[in-house]
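The following block contains the structure, expressed as structure tokens.
Quick note: the coordinates plus some simple rules give every number you see, no bench work behind them. Values in this document were obtained by computation on a predicted structure and should not be read as measured data. Neighbour counts run over all protein chains shown; Cβ positions are idealised from the backbone, glycine included.
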Amino acid sequence: MSDLVSVILPAYNCEKTLADTLESVLNQTYRDLEIILINDAAKDGTSVICEAFASKDPRIRYYLNSQNIGTLETRVRAINLAKGEWIAFVDSDDLWSADKLEKQFALQKATNCDLIYTGSSFINENGEPFKWIMHVPEQVTYKKLLRQNIISNSSVLMRKRDYLKYSPFSERNNDMHEDFACWLCMLRAGLTARGINEPLITYRLHKNSSSSNKVNASKLNMNTYKYIGLGLLERYFYQGCYAFNGVRKYMHFR
């Protein structure tokens with residue numbers, strides 16, 4: 001089987017960060033990849049950057065949405081266009097270490113796991129680094145993941161077929177953390193997730209990712225628990241765990 005990786009990259013109004021993100025993917029030591037770059041009808045200079053990069057590297061397959069449809073719908077379109085057996089996600093303001101995919105494939109070959117995630121470092125809007133590193137366990141189970149989603153979307157490497165099987169496509173209008181729901185459904189079904197405890201991705205924190213956004217994130221999280229079939233008491237218990245761990249995490253960025 002081919003080990004082609006299809007990198008899924010939705011882009012919307014990200015002219016300040018997109019070039020750095022693309023460079024970090026194109027500079028991977030693992031070379032067997034394609035980038036499914038979809039411009040979600042951006043209104044800034046995103047199109048210029050997309051076109052410039054696509055014209056220089058044939059590994060970039062560039063598409064333009066005729067109208068803005070949102071990150072999730074754009075991601076679904078990209079996955080359906082992907083040619084690789086494996087897919088990886090990267091947000092348009094995150095960065096990869098050059099050896100991310102190479103190390104993930106080495107772990108996959110050694111363990112035959114289904115989902116590979118990594119630790120994260122963090123920067124602010126201006127690219128200035130925070131000292132704190134998010135460490136991850138070598139393996140996570142369904143029960144442990146319920147307490148805190150330590151699997152960052154931009155860190156994941158997985159098979160396309162598993163994403164298509166376990167992601168809540170039919171429920172994507174029901175306001176939930178679709179990626180979290182996917183990981184939980186995979187682990188509940190018996191698939192395995194392994195982690196690389198190194199900051200192989202850099203996550204960009206924005207000033208607007210607090211206060212009201214935290215309230216909305218809590219609502220999305222509760223809806224995720226409901227979607228996977230947890231009862232009301234279980235939902236409140238795990239939401240309490242999730243909130244506690246979230247507060248501990250974001251104390252590092254104050």
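Over the chain, what is the relative contact order in percent, taking alpha-carbon pairs closer than 8 angstrom and at least six residues apart?
21
Would you kindly compute the Cα radius of gyration of segment 138-208 and its largest Cα-Cα separation (Dmax), both in Å?
Rg, Dmax (Cα atoms, Å): 12.9, 38.
Between Lys144 and Ser55, take the C-beta separation as r, use R0 = 51 Å, and let me know the FRET efficiency to the nearest 0.05.
The pair Lys144/Ser55 has a calculated efficiency of 0.70.
Of Phe253, Asn216, Trp96, whose Cα points farthest to the positive end of the dipole of the chain (charges on the beta-carbon: +1 Lys, Arg; -1 Asp, Glu; origin at the Cα centre)?
Farthest towards the positive end: Asn216.
I've got another one for you. Just to be sure I understand the model, the point goes 7 Å from the Cα along the line to the Cβ. What's the resulting Asp99 to Asn213 distance in nm?
For Asp99 paired with Asn213, the spin-label model returns 3.2 nm.
Take each of the peptides 182-191, 141-150, average the number of other beta-carbon atoms within 10 Å over its residues, and list them starting from the highest.
The packing order, highest mean first, is 182-191, 141-150.
With Kirkwood's inverse mean 1/r over C-alpha pairs for Rh, give me the Rg to Rh ratio of the chain, two decimals please.
Radius of gyration relative to Kirkwood radius: 0.94.
On to the next question. Which of the DSSP-defined H helices in the chain satisfy a minimum axial length of 24 Å, computed from C-alpha atoms, and a minimum mean Kyte-Doolittle hydropathy of -1.0?
Helices meeting the span and hydropathy rule in the chain are 232-250.
Aspartates and glutamates within cross-link reach of Lys226: Cα-Cα under 18 Å, excluding same-chain residues under 8 positions apart?
Glu171, Asp175, Glu178, Asp179, Glu234
Would you kindly state how much longer the chain becomes between Leu233 and Arg254 on full extension, computed as 0.36 nm times their sequence separation minus their alpha carbon distance, in nm to one decimal?
4.4 nm
A further question on this structure: Quick check: residue separation of Asn245 and Glu128 times 0.36 nm, minus the Cα distance between them. What number comes out in nm?
39.7 nm
Nearest 500 deg cm²/dmol is fine: what mean residue ellipticity at 222 nm does the chain get from its DSSP H runs of n ≥ 4 alone, each adding -39,500 (n - 2.57), divided by its residue count?
-12500 deg cm²/dmol
For segment 1-90, count the residues as N, evaluate 2.2 N^0.38 Å, and divide the Cα radius of gyration by that value, please.
Rg over 2.2 N^0.38 Å, computed on Cα atoms: 1.01.
Running a GNM on the chain with Cα contacts under 10 Å, which residue among His206, His177, His135 ends up with the highest mean-square fluctuation?
His206
Around Val5, what is the net charge, scoring Lys/Arg as +1 and Asp/Glu as -1 over all other residues with Cβ under 9 Å from its Cβ?
Within the 9 Å Cβ shell, the charges total -4.
Report, largest value first, the span of the C-alpha coordinates of segment 39-180 along each principal axis, in whole Å.
41, 39, 30
Also: Could you work out the relative contact order of segment 28-126? I mean the mean sequence separation of Cα pairs under 8 Å and 6+ apart, divided by the number of residues, in percent.
Relative contact order, segment 28-126: 32 percent.
Right, next: Compute the distance in nm between two label points, each set 7 Å from the Cα along the Cα-to-Cβ direction, one at Glu73 and one at Asp32.
Result for the modelled spin labels: 3.5 nm.
Shifting gears a bit: May I ask you to list the lysines whose Cα is less than 20 Å away from that of Lys160, ignoring any residue fewer than eight positions away on the same chain?
Straight-distance partners of Lys160: Lys83, Lys100, Lys103, Lys109.
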